[in-house]
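Quick note: the coordinates plus some simple rules give every number you see, no bench work behind them. Since this is a predicted model, take the numbers as computed values, not measurements. Cβ coordinates were reconstructed from backbone atoms using ideal geometry, including for glycine residues, and neighbour counts include every protein chain displayed.
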Amino acid sequence: MTEQDLKTEEKILEAAMTVFIQKGKAAARMQEIADTAGINKALLHYYYRSKDKLYESVFSIVIKQLLLPKIFKILQEEEDVFALIHQFADFYVGVINKNPFIPLFVIEEINKNPNRLSNAVLNSGIPIEQVIARFQKAMDEGKIRKTDPRQILVNLISMCIFPVAARNMLLPILFNNSKTEYKKFLELRKTEVAEFIIQSIKI
């Protein structure tokens with residue numbers, strides 16, 4: 001691909017993310033995506049022959065490139081459960097803050113095509129059982145209180161996601177529509193979430 005091709009494809013993918021999130025896959029139209037990207041529909045079809053192909057590309061970027069590889073690395077390599085929680089919160093809040101469309105995109109997938117999302121996670125090699133065993137070991141060693149490790153993981157993920165998914169509601173209620181204050185809040189959120197989870201399980 002030429003540099004111009006890469007720029008055009010990048011514009012298309014950004015526009016597609018915007019439209020898919022706003023409208024959902026079913027209601028999204030290729031013409032609207034082309035208009036959002038600032039190109040004509042014929043050029044859009046030159047790069048992506050169908051809406052399904054375009055959606056697959058967006059899904060791949062969001063799930064398989066932005067989220068899963070780094071999450072896999074953290075969960076596979078970090079042995080200490082407290083450090084794991086800190087690293088996960090730091091990465092997850094950071095990446096969804098830079099890409100605020102991700103939570104809404106994931107919610108859309110959960111509602112419309114949960115099997116595709118679950119299969120992507122299951123086939124990614126993310127060592128879920130290994131992580132659960134790591135938490136169980138920490139319990140057996142008396143480092144954290146007895147609890148279901150799945151509760152820890154769900155609490156961690158949901159506490160990271162909610163402030164970004166609910167951004168449009170929280171901005172006027174808690175931050176007087178100040179994006180600067182909201183950004184500061186999210187930066188602190190990385191540590192706040194990790195410490196909250198750790199303090200809830202630490203002995």
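For the reader, a short list of remarks on this structure follows.
- Gained length - Q130 relative to V95, 0.36 nm times residue gap less alpha-carbon distance: 10.2 nm
- Over the chain: Rg over Rh, Cα atoms, Kirkwood Rh: 1.03
- Length-normalised contact order of the chain in % [C-alpha pairs under 8 Å, at least 6 apart]: 23
- Each label was represented as a point 7 Å from its Cα along the Cα-to-Cβ direction; for D148 and K70 these points are 2.9 nm apart.
- Positive-pole candidate from Q22, V81, S50, dipole of segment 13-84, charges at beta carbon: S50
- One chain, two ends: V121 and E56. Fully extended at 0.36 nm per residue, the span grows by 21.9 nm beyond their Cα-Cα distance.
- Each of Y47, Y92 was scored by other Cβ atoms within 10 Å of its Cβ. Arranged with the fewest first, they read Y47, Y92.
- Each of R145, R116 has some number of other Cβ atoms within 10 Å of its Cβ, and from fewest to most they run R145, R116.
- Value of Rg to Rh for segment 65-123 (Rh from inverse mean 1/r over Cα pairs, i.e. Kirkwood): 1.01
- Applying a threshold of 19 Å to the alpha-carbon distances of K98/K202; K25/K51; K11/K184; K23/K98; K25/K53; K11/K53 flags K98/K202; K11/K184; K23/K98 as lying beyond it.
- Summing Cβ point charges (Lys, Arg +1; Asp, Glu -1) relative to the Cα centre of the chain gives a dipole of roughly 440 debye.
- Per residue of the chain, the DSSP helices (runs of n ≥ 4 H) give a summed -39500 (n - 2.57) that works out to -25000 deg cm²/dmol at 222 nm.
- Proxy reagent accessibility, fewest Cβ within 10 Å first, across K190, K179, K70: K179, K70, K190
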